[in-house]
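Report on the following structure.
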Amino acid sequence: MEIVEEVVIVGAGIAGLATAVALKRVGIKALILERWDGLRATGAALGLFPNAWLALDALGVSHKLTSIYGPTKKGYVTNLGNGAVQEISYPETNGHNGGTRAVHRKALLKALEEELPNNSIRFSCKITGIETQSHEGSSIAVVDLEDGTSIKAKVLIGCDGVHSVVASWLGLASPVHSGRSAVRGLAAFPQGHGLVKQDVYQFVGAGLRAGFAPLTDKDIYWALDCASPANGAYKGDPIAIQREVIENYAKDLPELYLDIVKHSDLSTLSWAPLVFRQPWNVAFGNLSNQNVTVAGDAMHPMTPDLGQGGCLALEDAVVLGRHIGRCVLENGELDSREIARALADYAKERRSRAAWLITGSFFSGWVQHGGSLVLKFLRDSIFYKFVLHKLFNATNYDCGKLT
């Protein structure tokens, strides 16, 4: 069976759904191909910084989330070695951004999905091949699926995550292992947890960093990252993950943290390696080719140390929607002969910012996990007091409007 579409997006995560919403706003319908049988929210929750809220404003969905999740006011970083606590203040919200807020990943996905027409997402689609064909001077992307379906599109956008099939087709180098892994989960307190919703807490030690953030009166998001287990154990076994965190990795953390882990909703637990694409591969790599490009983790996977993975994906969606929309405006239709220029302009606009944030995130994680005396001094005396604020300045970035 052969299907013809204007735009095909691979992946129904944050980047894929947001890109589809952006394209809808500029008058273009996209078909999203998702390999799983439903929307997945691996990671449980995420922090959305001012740059993400500006992007969500442009997409017209920010109000759905700001009415539920309050802005973060303060952060507290506890040194597990000496018990010292440093306080970090987050910028106040104003009329131009939503500040910093921790939100359920499912809530963000739902807010985006609700903006799309019915049947915009085709689930259980496994891609077996990608190619481009020339037709009357135009380039057409052809996606072959495991069920025998062949889909032709004027534009193909890979939003299929860290191990992107589309990124591989473009020739982008595979992500590399940071040497660390992260456990994430949601804790549920049906009677309420009693913590201040606007505060986040972090604990740092040699080779370990953990933290938690209340999402609502009853839900708390928690995470812990450390050196990766040698054998990659516990993957897919939530009971083993919870037990290993409590008995080994978090045994020296405060009792409050252990209690939060004990209250975890086991269905939300995940343990995965932290990988990133080398920044020079993003700065100089092939981010687009004719009518094919990538967005989100498919373009710029990074460690979570600045909390910018999802935020950058939302930026990508707006910028990509703007460039494709401009192509339509100038040509009266989605002219496949002009789309290569639009996608090249999009890639050019995103390169340096993505490469910089990959670098900043990796540096942030390296300093905070350092076990040497020099790195501990750098982290406690310099990084938290002076450097971290400079890095967070990048979160005030405005990707602009769709039109």
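The values are calculated or read from the model by the stated rules, or taken from the named source; none is laboratory data. Please read these numbers as outputs of a predicted model, since none were measured by experiment. Note: ideal-geometry Cβ built from the backbone for every residue, glycine included; neighbour counts use all protein chains shown. With ligands, DNA and RNA removed, areas are computed over all heavy atoms of the protein, side chains included. Shrake-Rupley method; radii C 1.70, N 1.55, O 1.52, S 1.80 Å.
I'm trying to understand the selection: among the residues of the range 254-268, which are in contact with a strand residue (DSSP E or B) (Cβ under 6 Å, 6 or more places away or on another chain) and either open to solvent by less than 20 Å² (accessible area, probe 1.4 Å) or under 19 Å from Gly205 (Cβ atoms) (or both)?
Ile260, Ser264
Among the helices (runs of 4 or more DSSP H) contained in the range 1-73, which hold 1 or more residues that are more than 19 Å from the chain's Cα centre (by Cα)?
14-25, 62-66
Tell me which residues, restricted to the range 131-186, are free of Cβ contacts under 8 Å to residues at least 40 places away in the same chain and under 17 Å from the mean Cα position of the chain (by Cα).
Once the filter is applied, which keeps residues that are free of Cβ contacts under 8 Å to residues at least 40 places away in the same chain and under 17 Å from the mean Cα position of the chain (by Cα), the range 131-186 yields only His163.
Please specify each residue of the range 187-200 satisfying the condition of being over 23 Å from Asp305 (Cβ atoms), among the small types (Gly, Ala, Ser) and in contact (Cβ under 8 Å) with a residue 60 or more places away in the chain.
Result: Ala188, single match.
Considering the range 171-180 alone, what residues qualify as being buried (at least 21 other Cβ atoms within 10 Å of the Cβ) and either assigned to a helix (DSSP H, G or I) or at pLDDT below 95 (or both)?
Ser178, Arg180
When only residues in the range 286-300 that are open to solvent by less than 10 Å² (accessible area, probe 1.4 Å) and farther than 19 Å from Lys154 by Cα count, which is nearest to the chain's Cα centre (by Cα)?
Out of the qualifying residues, it is Gly296.
Just give me the residues in the range 135-167 being buried (at least 16 other Cβ atoms within 10 Å of the Cβ) and polar (S, T, N, Q), in sequence order.
Kept after step one, since they are buried (at least 16 other Cβ atoms within 10 Å of the Cβ), are these residues of the range 135-167: 138-143, 145, 151-162, 164-167.
Within the range 135-167, Ser138, Ser139, Ser164 meet the criteria.
Considering the range 205-219 alone, what residues qualify as being open to solvent by less than 60 Å² (accessible area, probe 1.4 Å) and more than 18 Å from Tyr90 (Cβ to Cβ)?
Gly205, Gly207, Leu208, Arg209, Ala210, Thr216, Asp219
Any idea which residue in the range 99-134 is least open to solvent (accessible area, probe 1.4 Å), counting only those that are of a type in the set (Val, Ile, Thr) and assigned to a strand (DSSP E or B)?
Ranking the qualifying residues of the range 99-134, first place goes to Val103.
Return the pairs, sorted by first residue and then second, in which the second residue is part of a helix (DSSP H, G or I) and polar (S, T, N, Q), the first residue lies in the range 309-327 and is over 16 Å from Val26 (Cβ atoms) and open to solvent by 10 Å² or more (accessible area, probe 1.4 Å), the beta carbons are less than 9 Å apart, and the residues are 6+ apart or on different chains.
Gly309/Ser361
Does Val328 satisfy being touching a Gly at 6+ places or on another chain (Cβ under 9 Å), assigned to a helix (DSSP H, G or I), modelled with pLDDT under 95 and among the aliphatic types (A, V, I, L, M)?
yes
Is the range 140-154 home to any residue that is of a type outside the set (Asp, Glu), closer than 23 Å to Ala58 by Cβ and assigned to a loop (DSSP other than H, G, I, E, B)?
There is no residue in the range 140-154 that is of a type outside the set (Asp, Glu), closer than 23 Å to Ala58 by Cβ and assigned to a loop (DSSP other than H, G, I, E, B).
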